[in-house]
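Data block below; observations after.
The values are calculated or read from the model by the stated rules, or taken from the named source; none is laboratory data. Everything numeric in this text was worked out from a predicted model, so none of it was measured. Please note: Cβ atoms are built from the backbone with ideal geometry, for glycine as well, and neighbour counts cover all protein chains shown.
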Amino acid sequence: MKGLALIPRHDFAFDPTYGYDLEGLLAVPAPEAPADFEEFWREAHARATAVSVAPKLGPVEWEADGLRFHGVSYTSVEGFRVGGWLSVPIDGEITRARVVAHGYGGRDRPEVRVDIPGTATIWPCARGLPARSLHPDLPSDAQKHVLHGIGARESYIHGGCVADMWCAATALTELVPETRDVRLDYIGTSFGGGIGPFVLAFDDRFASGALVVPSFGNHPLRLTLQCTGSGAAVRDHYARHPEVLDVLAYFDSATAATFVRRPVHVGAALFDPAVPPPGQFAVYNALGGPKELFVLETGHFAHPEEAAQEAALTQAQYGFMTA
């Protein structure tokens, strides 16, 4: 395979490269948007930015690497109270701001990868997900969470999750007023990378983004590919309810990427059993603004060079977002 030195040894009953080489991955398109796709999402954004987020800053929980971490909570759409963390530099003025999303396992604390000096960051846990946005009416397991409300575009939980990130940006500006006048970026991995194109496409507050192994790209293709994790749950549901594709058309990350005009860095994998690479590359290929690609050997799969690869990805993201 061009671009993949050696296919890793694995025990999956399917090929996590799905038979694609790099050239093939770079040709995967985005599905055509429904006629009212943009209208649907701009209305969703208007509802989110109209929310009185009422952020609450908790006490300092720890300090590390020149940053002070507080617990934080704020209100998102449907009155949902989102929890997470806020980090601010211990010393020095704030010159940048970020919203950093997480993967489908949620997070039990912030994972600082790209450390840009002078940055204030909000680290939300999307609704229903660990550790700080659990709710008795929402499933916390990824394979159940990904199906919650999937019967209609108005109720599908991913719409609320995108709104949680928009409301996080509002909460950040209220908690740290200095961030109103500095550059705001978005970073998301896997689940967070998949909702990232929606966050970036319809909110002009964000200057740039970084997406790593983004999920939810090209659903019509993705639903034909065997995989693990949340994707498997959606694929199984589609087999019983093919009409769900009409709903998923509004939540396709590659489709949303066609509306993104700001600079975006993407780390996409050649081998990934959880998020099929064709979907990841569909997101990158569809981006409508300046973009940069970092090709990962694997995603959602441990290998001997993983640490070195992660370090190289972090360096590439840092260079892109500080250029």
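With respect to R113, is the statement that it is under 17 Å from A210 (Cβ atoms) and either surrounded by fewer than 15 Cβ atoms within 10 Å (Cβ to Cβ) or in contact with a Lys or Arg (Cβ under 9 Å, 6 or more places away or on another chain) (or both) true?
no
Could you list, in sequence order, all residues of segment 41-66 that are in a helix (DSSP H, G or I) and either at pLDDT below 95 or of a type outside the set (V, I, T) (or both)?
W41, R42, E43, A44, H45, A46, R47, A48
For segment 39-46, indicate whether the set of residues that are exposed (fewer than 11 other Cβ atoms within 10 Å of the Cβ), out of contact with any strand residue (DSSP E or B) (no Cβ under 9 Å at 6 or more places or on another chain), within 30 Å of F294 (Cβ to Cβ) and without any contact (Cβ under 8 Å) to a residue 60 or more places away in the chain is non-empty.
For segment 39-46, residues exposed (fewer than 11 other Cβ atoms within 10 Å of the Cβ), out of contact with any strand residue (DSSP E or B) (no Cβ under 9 Å at 6 or more places or on another chain), within 30 Å of F294 (Cβ to Cβ) and without any contact (Cβ under 8 Å) to a residue 60 or more places away in the chain: absent.
If I ask for residues that are over 14 Å from W123 (Cα atoms) and among the hydrophobic types (A, V, I, L, M, F, W, C), which ones from segment 55-112 would you list?
Matches in segment 55-112: V60, W62, A64, V77, F80, I90, I94.
Just to be sure I understand, how many residues within segment 160-185 are in contact (Cβ under 8 Å) with a residue 60 or more places away in the chain, touching a Lys or Arg at 6+ places or on another chain (Cβ under 7 Å) and not aliphatic (A, V, I, L, M)?
Qualifying residue count, segment 160-185: 5.
Among the residues of segment 194-229, how many are polar (S, T, N, Q) and closer than 23 Å to V99 by Cα?
2
Looking at P89, P59, P55, P31 in this structure, which one is more than 25 Å from L184 (Cβ to Cβ) and surrounded by 14 or more Cβ atoms within 10 Å (Cβ to Cβ)? Spell out the reasoning first.
Values: P89 fails: more than 25 Å from L184 (Cβ to Cβ); P59 fails: surrounded by 14 or more Cβ atoms within 10 Å (Cβ to Cβ); P55 fails: more than 25 Å from L184 (Cβ to Cβ).
Result of the check over P89, P59, P55, P31: P31.
Have a look at V100, V146 and point out the one that is more than 29 Å from Y318 (Cα to Cα), buried (at least 23 other Cβ atoms within 10 Å of the Cβ) and not charged (D, E, K, R).
After applying the criteria, what remains is V146.
Looking at segment 212-229 only, could you name the residues that are of a type outside the set (V, I, T), closer than 12 Å to G279 by Cβ and within 18 Å of the chain's Cα centre (by Cα)?
P214, S215, F216, G217, N218, H219, R222 - these are the residues of segment 212-229 that are of a type outside the set (V, I, T), closer than 12 Å to G279 by Cβ and within 18 Å of the chain's Cα centre (by Cα).
Which of the residues belonging to segment 140-191 are polar (S, T, N, Q), under 21 Å from S208 (Cβ atoms) and either in contact with a helix residue (DSSP H, G or I) (Cβ under 6 Å, 6 or more places away or on another chain) or modelled with pLDDT under 95 (or both)? Step through it out loud before you land on a result.
First pass over segment 140-191, keeping only residues polar (S, T, N, Q): 140, 143, 155, 170, 173, 179, 189-190.
Now restrict to residues that are under 21 Å from S208 (Cβ atoms): 170, 173, 179, 189-190.
Passing the criteria: T173, T179.
Considering only residues that are under 17 Å from A97 (Cα atoms) and in contact with a helix residue (DSSP H, G or I) (Cβ under 9 Å, 6 or more places away or on another chain), which ones fall in segment 43-72?
Matches in segment 43-72: P55, L57, H70, V72.
I'm trying to understand the selection: among the residues of segment 246-281, which are among the small types (G, A, S) and touching a Ser or Thr at 6+ places or on another chain (Cβ under 8 Å)?
A249, S253, A269, A274, G279
Where in segment 168-274 are the helices (runs of 4 or more DSSP H), entirely inside, with at least 3 residues that are among the charged types (D, E, K, R)?
229-240
Of the numbered conditions (1) touching a Phe, Trp or Tyr at 6+ places or on another chain (Cβ under 6 Å); (2) in contact (Cβ under 8 Å) with a residue 40 or more places away in the chain; (3) among the hydrophobic types (A, V, I, L, M, F, W, C), C227 fails exactly one; give the number of that condition.
Unmet condition: (1).
So which residues in segment 293-309 are touching a residue at least 24 places away in the same chain (Cβ under 8 Å) and either crowded, with 19+ Cβ neighbours inside 10 Å or within 20 Å of the chain's Cα centre (by Cα) (or both)?
L293, F294, V295, L296, E297, T298, G299, H300, F301 - these are the residues of segment 293-309 that are touching a residue at least 24 places away in the same chain (Cβ under 8 Å) and either crowded, with 19+ Cβ neighbours inside 10 Å or within 20 Å of the chain's Cα centre (by Cα) (or both).
Restricting attention to segment 279-292, report how many residues are surrounded by 24 or more Cβ atoms within 10 Å (Cβ to Cβ) and not in a loop (DSSP other than H, G, I, E, B).
7
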